[in-house]
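Everything on this sheet refers to the single structure shown next.
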Amino acid sequence: MLALLAGVFAPGPLSWAAPKEAAAEQPWKRWLPDRWNGASAETGRVPPPERWWTEFNNAELEELVQIALSNNFNLQTAVSRIAQAEARSRVSHAGHLPTVDAIVRSELRAPEFGIGTAPTRADYATREIYQAGLRVAYEVDLWGRGAYETQAALARVKASYFAREALAESLVSDVTTSYFAVLALRERVKFASDNVAIAEAIEAALKTRMVSGDVSVFEYEQQGLATADALARLYELRRNLATAEGDLAFLIGRPVSLLEVRGTSLRDITVPTIRPGLPSDLLCRRPDLREAEALLAAARADVGVARKSFMPTISLTGEGGYGISSLHTALAPQALFTDLVGQLAKSIFDGGRRKDDLAERQGRELELIEAYQSTVLAAMRDTDEALVGVQMTEQREKVLSHAAERAQRLVELTNKVFTRGATDAVGLLESQRTAYRTGDLAVSARLDRLRAAVDVYKALGGGQVMDGACNVAVAATGDDAATASPKKSKRW
């Protein structure tokens, strides 16, 4: 695979300068660094876990993931596409074997004993012949076209497996982020409800003090507007929570009325330590890269099929059985017949069909080469961006969490001072707004940090079982791909 990557990423006329000795020795290093940007020496060489969602240490999340992998309809559709690809592979293999057909034939022959056998018109007669037997046909594959067709079919079976794995990987990451979104919104709804309760309590206190003449009507009405604003935000958060719960229920294949989520806060979620492993592992871990590689192999085999179509075809046909023209000869030795035909055919003129078919398949191969290298670069970009996102969201969460704690203490102090009459309602209102805003931002920051961790695992190709020469256990490879069952996949 590294050799393939080196080939498709060969520098063109506009490539940048690089040390000649390094490029000649290991040209793929310019595309695959020794470690990821920002990864430490300790975590840079440790591969990420296979079941990465367990790193969050949440039993409910693990349960939801397993339900989604069993019930999601899009994933079941991908499994059906695997079965279709396997069936097409078996059809391709069966097409290279001899065929045996049972035949029953009725024939009217004139002249009676064949063309030119009736010397006079009086001797011209029609004879009825009835035949029953077997026909065996076989096309001799001297040029290896059948082998190329088999390779293309098996490569497409592999591609269908990897497409299913890519969909499963996306499904798991979507379930995880949706679960985190539900918990974050529940926490924000609880926080907004507390904020509404505080605003209503302050409004009631201001009303009492307004009656006694300690505060003005202006200050009371200003607090009433703040209470209404807090209520409006609460209703909006509840609507967003209902939408998030509906999205999660759809992903696990259940109606939202049957969704049961026990978690209430992101504080119960452990933020994992990201271990990205080596960049070269990405080529074997990402199912979309493996799918693009398999499709490229199929296109390359298709080019071989098109080339072999220019060669002559050799076919053998044999028939044998019993044939009679009257019942009294049914058991006679001459009722047994055989017919053996060998044929060699070479196309002389087909209007350029074979030539254009070869050009089309070669163009498809070049297209998939470009698509493969683009997919590799996109995967590396996604991983680098996700790793940077983990670092930045971690720092942002720390800052906002500390600010939320300080803002909450400020509200408590301001409330005590206001109760004693040492400050006005404007100061209390401003501290209240600040505490809610920073607290809400802190919850969102923790959600962003968890999402960033999920993005890293998704970019690295999570869910893969590392083993073998390419460091990935494939559910079915080689000749076994045509008969393997999707349920035997070792990845999820």
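The values are calculated or read from the model by the stated rules, or taken from the named source; none is laboratory data. The model shown is predicted, which means the values in this text are computed figures rather than measured ones. Virtual Cβ from ideal backbone geometry, glycine too; neighbours counted across all protein chains shown.
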Quiz item: Quick one: what pairs do we get from the stretch 112-130, first residue free of Cβ contacts under 8 Å to residues at least 12 places away in the same chain and among the hydrophobic types (A, V, I, L, M, F, W, C), second in a loop (DSSP other than H, G, I, E, B) and surrounded by 10 or more Cβ atoms within 10 Å (Cβ to Cβ), C-beta under 7 Å, 6+ apart or different chains?
Solution: A118/P111; A118/Y124
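Here is a yes/no grid of residues against (1) on the phi > 0 side of the Ramachandran plot; (2) more than 26 Å from the chain's Cα centre (by Cα); (3) buried (at least 22 other Cβ atoms within 10 Å of the Cβ); (4) among the acidic types (D, E):
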| site | (1), (2), (3), (4) |
| --- | --- |
| V388 | no, no, no, no |
| Q391 | no, yes, no, no |
| L410 | no, yes, no, no |
| T434 | no, yes, no, no |
| A442 | no, yes, yes, no |
| Y457 | no, no, yes, no |
| L460 | no, no, yes, no |
Self-check item: Tally, over the stretch 262-312, of residues that are more than 30 Å from A181 (Cα to Cα) and either among the polar types (S, T, N, Q) or without any contact (Cβ under 8 Å) to a residue 12 or more places away in the chain (or both)
Solution: 2
Quiz item: Looking only at the stretch 71-100, which residues are among the small types (G, A, S) and in contact (Cβ under 8 Å) with a residue 60 or more places away in the chain?
Solution: A78, A83, A85, S89, S92
Quiz item: Since R381 meets every condition but one in (1) surrounded by 14 or more Cβ atoms within 10 Å (Cβ to Cβ); (2) among the basic types (K, R); (3) within 27 Å of the chain's Cα centre (by Cα), which condition does it not meet?
Solution: (1)
Quiz item: Is the stretch 370-390 home to any residue that is modelled with pLDDT of 85 or more and part of a loop (DSSP other than H, G, I, E, B)?
Solution: no
Exercise. Identify all residues within the stretch 204-233 that are aliphatic (A, V, I, L, M), surrounded by fewer than 18 Cβ atoms within 10 Å (Cβ to Cβ) and under 53 Å from the mean Cα position of the chain (by Cα); write none if there are none.
Key: L225, A228, L231, A232
Self-check item: Test set (1) touching a Leu at 6+ places or on another chain (Cβ under 7 Å); (2) within 24 Å of F56 (Cα to Cα) - G253 fails condition number
Solution: (1)
Practice problem: Of the numbered conditions (1) more than 23 Å from V271 (Cβ to Cβ); (2) modelled with pLDDT of 80 or more; (3) within 18 Å of the chain's Cα centre (by Cα); (4) not β-branched (V, I, T), K488 fails exactly one; give the number of that condition. | Solution: (2)
Quiz item: Restricting attention to the stretch 400-423, which residues are of a type in the set (K, R) and modelled with pLDDT of 75 or more?
Solution: R406, R409, K416
Quiz item: Would it be correct to say that A232 is of a type in the set (A, V, I, L, M), at pLDDT below 90, assigned by TED's automatic domain parsing to the domain that holds L441 and more than 25 Å from L167 (Cα to Cα)?
Solution: no
Exercise. Can you tell me which residue among E62, E112 is in contact with a Phe, Trp or Tyr (Cβ under 9 Å, 6 or more places away or on another chain), surrounded by fewer than 16 Cβ atoms within 10 Å (Cβ to Cβ) and not in a loop (DSSP other than H, G, I, E, B)?
Key: E62
Practice problem: Might you check whether a residue that is small (G, A, S), over 24 Å from T54 (Cα atoms), in the same structural domain as A68 (by TED's automatic domain parsing) and modelled with pLDDT under 90 occurs anywhere in the stretch 255-278? | Solution: yes
Exercise. Could you tell me whether V196 is hydrophobic (A, V, I, L, M, F, W, C), under 30 Å from G427 (Cβ atoms) and touching a helix residue (DSSP H, G or I) at 6+ places or on another chain (Cβ under 6 Å)?
Key: yes
Quiz item: Failed condition for N195, given (1) touching a Leu at 6+ places or on another chain (Cβ under 6 Å); (2) buried (at least 20 other Cβ atoms within 10 Å of the Cβ); (3) over 30 Å from L460 (Cα atoms), with all others met?
Solution: (1)
Quiz item: Is it the case that V79 is modelled with pLDDT under 85 and either in the same structural domain as D268 (by TED's automatic domain parsing) or under 30 Å from F250 (Cα atoms) (or both)?
Solution: yes
Quiz item: In this structure, does V341 turn out to be assigned by TED's automatic domain parsing to the domain that holds E62, more than 20 Å from the chain's Cα centre (by Cα) and not in a helix (DSSP H, G or I)?
Solution: no
Exercise. Answer yes or no: is there a residue in the stretch 310-322 that is assigned to a loop (DSSP other than H, G, I, E, B), in contact with a helix residue (DSSP H, G or I) (Cβ under 9 Å, 6 or more places away or on another chain) and under 23 Å from E139 (Cβ atoms).
Key: yes
